[in-house]
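Q: I'd like to ask some things about the structure below.
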Amino acid sequence: MADDTRQKIIIDTDPGQDDAAAILLALASPELDVLGITAVAGNVPLDLTARNARIICELAERRDVPVFAGAAGPLTRPLVTAEHVHGKSGLDGPALDEPTMAMQVEDASAFIVRSILENEEQSVTLCALGPLTNIAEALHDAPEIAGRVREIVLMGGGFFEGGNITPAAEFNIYVDPEAADIVFRSGIPIVMMPLDVTHKVLTTRVRTERIAQLPSRAAKALSEMLLFFERFDEEKYGTDGGPLHDPCVIAYLLKPDLFSGRMCNVEIETMSELTRGMTVVDWWGVTGQAANAMVMRDVDAEGFFELLTSRLDTGFSRRD
Ligand code: BDR
Ligand code: CA
């Protein structure tokens, strides 16, 4: 595929095993041009998410993908992390080498702004897999980028399914609700992958076993990450496998027909302690407020795993 037909994306992320799956899916997909990976504090602190992003690039043998460090914490609140899900490193599971590729010196939000201004209007998609702090900072520093971003596809929120970090809120939005509020009010076209979708994408034993059998080092390491990652949610929800949240964002870019939803108005709760970070989705259109997001509700989970597994199969060199 010629370079100029590839879709330009920036992956903003807090890896996280499911972030790792999303990044590997993107790096294995020839339709996508990953301009850079921007790390944000979330699942684990920033020094670890920046480290983990580089580990994933090295697993994919893609040291050429630049990795930028961004916000060390939310805009106005103390950082909440999720080691109880992801382990101390954020990528617990496989034995992983420390990364050797360098971090970029430019700040993540500066890189986001520069990429959007330097590239043609509507050509860069932001893929948000963690708290939205870096993207909110970019919008604060350069509000003019809002009209130039193609779209933001984000994993965050939940509505019919409720929350996962509190009864009302999903983790990414809960950690930095003020940042999410800025993003949802930005006017940028948004595609939202909430828990309503991701809770249907389960890493069952059969599905992870297929990934474990693939011949690359990246797929093998990912399968070990997934085995660690699913244990918390298997116990919590009593399911075979856990939800594989973040790769839904990348799968949407590759095969949007796997997902269905509707355009809705979405507002973020920032005031209440009880419902902090709740995504209030006007699914039934009762407010009369303009829609600001395509809210996904359903997914073809078999089709999703078919896509993920086949890309992991063809995207990386075989280990010997
Ligand atoms: C989200 O929170 C993180 O723990 C995962 O990486 C995902 O982005 C799910 O609520
Ligand atoms: Ca994440």
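The values are calculated or read from the model by the stated rules, or taken from the named source; none is laboratory data. Quick caveat: nothing in here was measured; it's all calculated off a predicted structure. Positions of Cβ are backbone-derived with ideal geometry, glycine not excepted, and every protein chain shown enters the neighbour counts. Surface accessibility is based on the protein's heavy atoms, side chains included, excluding ligands, DNA and RNA. Shrake-Rupley method; radii C 1.70, N 1.55, O 1.52, S 1.80 Å.
Q: Can you go through 287, 314 and tell me which one is β-branched (Val, Ile, Thr) and over 19 Å from residue 212 (Cβ atoms)?
A: On the way: 314 fails: over 19 Å from residue 212 (Cβ atoms).
Result: 287 is the single residue among 287, 314 that is β-branched (Val, Ile, Thr) and over 19 Å from residue 212 (Cβ atoms).
Q: Can you tell which of 236, 255 is touching a helix residue (DSSP H, G or I) at 6+ places or on another chain (Cβ under 8 Å), open to solvent by 70 Å² or more (accessible area, probe 1.4 Å) and free of Cβ contacts under 8 Å to residues at least 60 places away in the same chain?
A: Result of the check over 236, 255: 255.
Q: If you don't mind, there's one more thing I want to ask. On the given criteria, is residue 34 away from ligand 1 (no atom under 15 Å from the Cβ), among the aliphatic types (A, V, I, L, M) and assigned to a loop (DSSP other than H, G, I, E, B)?
A: So residue 34 does not fit the description; no.
Q: Looking only at residues that are under 16 Å from the mean Cα position of the chain (by Cα) and in a loop (DSSP other than H, G, I, E, B) in segment 142-163, which one is nearest to ligand 2 (Cβ to nearest atom)?
A: If we take residues in segment 142-163 being under 16 Å from the mean Cα position of the chain (by Cα) and in a loop (DSSP other than H, G, I, E, B), then 156 is nearest to ligand 2 (Cβ to nearest atom).
Q: I'm trying to understand the selection: among the residues of segment 164-188, which are surrounded by fewer than 22 Cβ atoms within 10 Å (Cβ to Cβ), of a type outside the set (A, V, I, L, M, F, W, C), in contact (Cβ under 8 Å) with a residue 40 or more places away in the chain and in a loop (DSSP other than H, G, I, E, B)?
A: 166, 185, 186, 187
Q: Of all residues in segment 29-58, count the ones that are within 13 Å of ligand 2 (Cβ to nearest atom) and among the small types (Gly, Ala, Ser).
A: Qualifying residue count for the region: 4.
Q: Do you know which of the residues in segment 49-67 that are under 16 Å from the mean Cα position of the chain (by Cα) and crowded, with 24+ Cβ neighbours inside 10 Å is farthest from ligand 1 (Cβ to nearest atom)?
A: So, considering only residues that are under 16 Å from the mean Cα position of the chain (by Cα) and crowded, with 24+ Cβ neighbours inside 10 Å, the one farthest from ligand 1 (Cβ to nearest atom) is 67.
Q: Further question on the same structure: Given the criterion of a type outside the set (Val, Ile, Thr), within 16 Å of ligand 1 (Cβ to nearest atom) and closer than 24 Å to residue 76 by Cβ, identify the matching residue among 162, 93, 130.
A: 130
Q: What number of residues within segment 1-31 satisfy the criterion of being part of a loop (DSSP other than H, G, I, E, B) and away from ligand 1 (no atom under 16 Å from the Cβ)? Let's see the steps before the verdict.
A: Taking segment 1-31 as the starting set, the residues that turn out to be part of a loop (DSSP other than H, G, I, E, B) are 1-2, 6, 14-16, 28-31.
Next, only the ones that are away from ligand 1 (no atom under 16 Å from the Cβ) stay: 1-2, 6, 28-31.
So the count comes out to 7.
Q: Quick one: what pairs do we get from segment 113-128, first residue under 24 Å from residue 247 (Cβ atoms), second open to solvent by 10 Å² or more (accessible area, probe 1.4 Å) and acidic (Asp, Glu), C-beta under 8 Å, 6+ apart or different chains?
A: If the second residue must be open to solvent by 10 Å² or more (accessible area, probe 1.4 Å) and acidic (Asp, Glu), the pairs left are 125/151; 126/151.
Q: Go through segment 11-28 residue by residue and tally those that are of a type in the set (Gly, Ala, Ser), buried (at least 24 other Cβ atoms within 10 Å of the Cβ) and either more than 7 Å from ligand 2 (Cβ to nearest atom) or on the phi < 0 side of the Ramachandran plot (or both). Let's see the steps before the verdict.
A: Quick first cut of segment 11-28, residues of a type in the set (Gly, Ala, Ser) only: 16, 20-22, 26, 28.
Now drop any that are not buried (at least 24 other Cβ atoms within 10 Å of the Cβ), which leaves 16, 20-22, 26.
Then drop every residue that is not either more than 7 Å from ligand 2 (Cβ to nearest atom) or on the phi < 0 side of the Ramachandran plot (or both), which leaves 20-22, 26.
So the answer is 4.
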